[in-house]
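Below is one structure; the comments refer to it alone.
The values are calculated or read from the model by the stated rules, or taken from the named source; none is laboratory data. Please read these numbers as outputs of a predicted model, since none were measured by experiment. Positions of Cβ are backbone-derived with ideal geometry, glycine not excepted, and every protein chain shown enters the neighbour counts. Side chains included, ligands, DNA and RNA excluded: accessible areas come from the protein's heavy atoms. Shrake-Rupley method; radii C 1.70, N 1.55, O 1.52, S 1.80 Å.
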Amino acid sequence: MSIDPDQNADPDVATGDPAATRRYRIEGMHCTGCASELQTALRGRTEVETATVDFTSGLAVVEGDLAVEPTLQVIASRGFEGEFLESKEDLSETRSRMELAQARTVRMWKRRAIIGIGVWIPLELLHWTAGHGVAWVPWVMMLGGLLVLVVAGGGFYASAFTAARRGGTNMDTLISIGATTAFVWSLIVFIAQRTLADPGAWTSLPLYFAESAALLGIISLGHFLEAKASAKASTAVRDLLELQPEVAERVEASGETMEVPSSEINIGDVYLVRPGGRIPVDASVLEGRSEVDESLVTGEPMPVGRGPGDPVVAGTLNGNGLLRLTATVDGRNTTVARIASLVQNAQSSQAPIQRLADRVSSIFVPTVLSVAAAALFGWGIIMGDWNTGVVSTVTVLIISCPCALGLATPMAVMVGAGEASRRGILIKSAASLESSGRLEAVVFDKTGTLTIGRPRVTRIEFVEPGADETFIVAAAAAAESGSEHPIARAVLEEAERRGLEVPGARDFEATPGEGVTAVVDGRRVRVLRDESASCRVEVDDVAVARFFIDDEPREDAAEAIARLRAMGVDVRMLTGDRTESARRVGRLVGLADEEIIAEATPDSKLEVVAGRDRRTAMVGDGINDAAALAAADLGIAMAGGTGAAIEAADVVVPPDRVTSVPDAIHLARRTLRTIRQNLFFAFFYNSIAIPAAAFGLLGTGGPLIAAGAMACSDISVIGNAIRLRRSLARERRAGIEAARAATTRDAA
């Protein structure tokens, strides 16, 4: 397989091509809200066909005829610094920049979460243990709350200010208002209690310093977990680049060889790849023959023979032959680099489904602010009671504090992800859970996903009826015993499965691209490639058998597909393997031929997955699946697969259990339902109490009642999460008992 490097060439900016795709490096974003706001601004320009802004990589990709300078002006108008990337950036440089930016973000939110939660817990303990009337306790709580407000609140205030400067609001507006209101009101009460000659009713008002610290600490912890998951997912590019060798052995004009960086190889350069080495640059074979393992790039489990005129792909593993190659692309446009670029671009794209909390907050925040202002001026101007107006306004704003909203998703995710881990399933983020719960279709890779990923002898065709099958299989295994080829391993495993004793062999000889020859029990045995089968066995130059070797389905693959269909999920197979092999496996697991797409390249896999009009998950395990995993609504990787596939995926399931895919979707659906319920509880008490607070029905104790409403919503959210945990645990135990019962029946 080869990929045309021109397909990924950077557009000529000077041409003004309406379909030009330009990339910009963005500095100054501190959360995903910043990226979303900038993306909306770019998409609002009529010259822009599409635009994506990725907070993780700090990369903006703009497609259309909007020139560079106007684009930079849009970026600057949102308070960020933009830099146009004039040429294709070296992927190793991209990797380093991304990792540094991600590390800074993770450290920032970790520091804020530690300070926020680390201060809140002691303050809360102090409040309940020291009791009222201790003079120094309020001072400690005030200073602790101020510390958290300054350190952990900076990012939220910056985001809220950016939104306000545009005349809008976001979830950080809620967080900022809630925390600030709780602190400022507490500070007013604190000062009044100590400065007024007759504090009167002020002495009975509570302080909310601990609550302001709790809000910022919990939300910061959520941002830390999100940033950490994003940073880990982005290492897929690094793993892809590590697959491509850093150096190549180039043949100079003098005939001597010299090691040079693979990125410096140009089209037409001649270089050598020795036995066991990885091919650094896409090329064509000039001299030599060898077996090349392309499984990590093409999905084909069997090594393929390559000789003069045949193409080879960067990142594939050379067998036991010396190859002299001529580069067909330059070192920066190899297949591996192309796949890495696809993964990066897919990760930079954003799902169209926005979080429910953000949609609600766009209405909730302006509503709360309007109600608070109406309460203040209504009581103060119309009724002439500014004291009641201030108390009512503060009560409304405290009720708007989204403490439960900060717990709604993390609590449910904690339960869902924890239960998933007990079943061997890794779910990386709340977004992954949401996507899993909304899935309508699942696309499976074949090799290593629906199949075991290891070639086996599926059939032996003996030429002569009544032939000595035992001797033929044992002799073939003996001849292959000196080879490390996958076919050799399959033949040896077949002999072991049959319980045969493999005799000794001598005069072993391997011919790249042809097969092996050895003398077994005085007879010349050859195992050679065959056009109609995987290999044929000759004894004394007479063909005696043909071995058919292919991958076998996993034992639970058919069950997994049946369960998915019972859940109303559409199932497809998408593989780089041959059509005949794919259809054979598909029939065994219950798939029709029209549900199978075979001989797919990484590019075409990406196109198929990204082009589906249903919410689709991609399940795979190889390098060639990485881009499709990243582009799918949900990427699911088998834990036994390559690092790039695992890191590009949103969910990782056990390598030997395909039924974990329907398990993960079931868990996600239950968790998503709980998240929705939690969000309802998060707003339910607030929605009831806000009108009461605005009309002054809660009296001077309004702020305390507001805090009570917040506590009730917190308790409801936590209780609902506990209910989910117990329910899922019962399901898991029931499944274990059913499996044990089935095993007992089989044994009987």
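For the reader, a short list of remarks on this structure follows.
- Subset of region 217-260 that is hydroxyl-bearing (Ser, Thr, Tyr), at pLDDT below 65 and crowded, with 20+ Cβ neighbours inside 10 Å - its residue that is farthest from residue 175 (Cα to Cα): 234
- Any chance residue 527 is open to solvent by 30 Å² or more (accessible area, probe 1.4 Å), touching a residue at least 24 places away in the same chain (Cβ under 8 Å) and within 30 Å of residue 583 (Cβ to Cβ): no
- Taken as a whole, region 539-554 holds no residue that is of a type outside the set (A, V, I, L, M, F, W, C), touching an Asp or Glu at 6+ places or on another chain (Cβ under 6 Å) and within 30 Å of residue 274 (Cα to Cα).
- Total residues in region 539-549 satisfying the condition of being farther than 13 Å from residue 491 by Cβ and crowded, with 20+ Cβ neighbours inside 10 Å: the figure is 2.
- Conditions (1) modelled with pLDDT under 90; (2) within 30 Å of residue 568 (Cα to Cα); (3) crowded, with 23+ Cβ neighbours inside 10 Å: number failed by residue 438: (3)
- Answer residue from region 661-695, given it is farther than 24 Å from residue 727 by Cα and open to solvent by less than 10 Å² (accessible area, probe 1.4 Å) and is modelled with the lowest pLDDT among those: 686
- The single condition among (1) farther than 30 Å from residue 309 by Cα; (2) crowded, with 19+ Cβ neighbours inside 10 Å; (3) out of contact with any helix residue (DSSP H, G or I) (no Cβ under 8 Å at 6 or more places or on another chain) that residue 507 does not satisfy is (2).
- Filter result for residue 631 (over 25 Å from the mean Cα position of the chain (by Cα) and crowded, with 24+ Cβ neighbours inside 10 Å): no
- From the options 64, 82, residue that is in contact with a Pro (Cβ under 7 Å, 6 or more places away or on another chain), buried (at least 16 other Cβ atoms within 10 Å of the Cβ) and modelled with pLDDT of 80 or more: 64
- Residues of region 309-327 satisfying the condition of being over 15 Å from residue 483 (Cβ atoms) and touching a Gly at 6+ places or on another chain (Cβ under 9 Å): 314, 317, 318, 322, 323, 324, 325, 326, 327
- Within region 650-660, if we keep just the residues that are open to solvent by less than 30 Å² (accessible area, probe 1.4 Å) and not in a helix (DSSP H, G or I), the residue that is nearest to residue 616 (Cα to Cα) turns out to be 651.
- When residue 249 is tested against (1) of a type outside the set (S, T, N, Q); (2) outside any loop (DSSP other than H, G, I, E, B); (3) over 25 Å from residue 484 (Cβ atoms), just one condition goes unmet, and that condition is (3).
- Top-ranked residue in region 261-289 [being under 23 Å from residue 483 (Cβ atoms) and crowded, with 23+ Cβ neighbours inside 10 Å; ranked as modelled with the lowest pLDDT]: 279
- Boolean, residue 400 is within 34 Å of the chain's Cα centre (by Cα), open to solvent by less than 40 Å² (accessible area, probe 1.4 Å), polar (S, T, N, Q) and modelled with pLDDT under 70: yes
- The selection criterion, being farther than 12 Å from residue 451 by Cβ and either among the acidic types (Asp, Glu) or at pLDDT 85 or above (or both), holds for residue 583.
- Within region 563-577, the set of residues being closer than 13 Å to residue 659 by Cα and surrounded by 15 or more Cβ atoms within 10 Å (Cβ to Cβ) comprises 563, 564.
- Yes/no for residue 522 being closer than 29 Å to residue 450 by Cα, free of Cβ contacts under 8 Å to residues at least 40 places away in the same chain, open to solvent by 60 Å² or more (accessible area, probe 1.4 Å) and not polar (S, T, N, Q): no
- Residue match in region 696-718 (condition: of a type in the set (D, E, K, R) and at pLDDT 80 or above): no
Residue by residue, here is whether (1) within 30 Å of residue 189 (Cα to Cα); (2) at pLDDT 85 or above; (3) open to solvent by 50 Å² or more (accessible area, probe 1.4 Å) holds:
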position: 91; (1), (2), (3): no, no, no
position: 96; (1), (2), (3): no, no, yes
position: 106; (1), (2), (3): no, no, no
position: 110; (1), (2), (3): no, yes, yes
position: 129; (1), (2), (3): yes, no, yes
position: 134; (1), (2), (3): yes, no, no
position: 143; (1), (2), (3): yes, yes, yes
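- Strands (runs of 3 or more DSSP E) enclosed by region 534-588 - at least 3 residues per element that are touching a residue at least 24 places away in the same chain (Cβ under 8 Å) and under 28 Å from the mean Cα position of the chain (by Cα): 570-574
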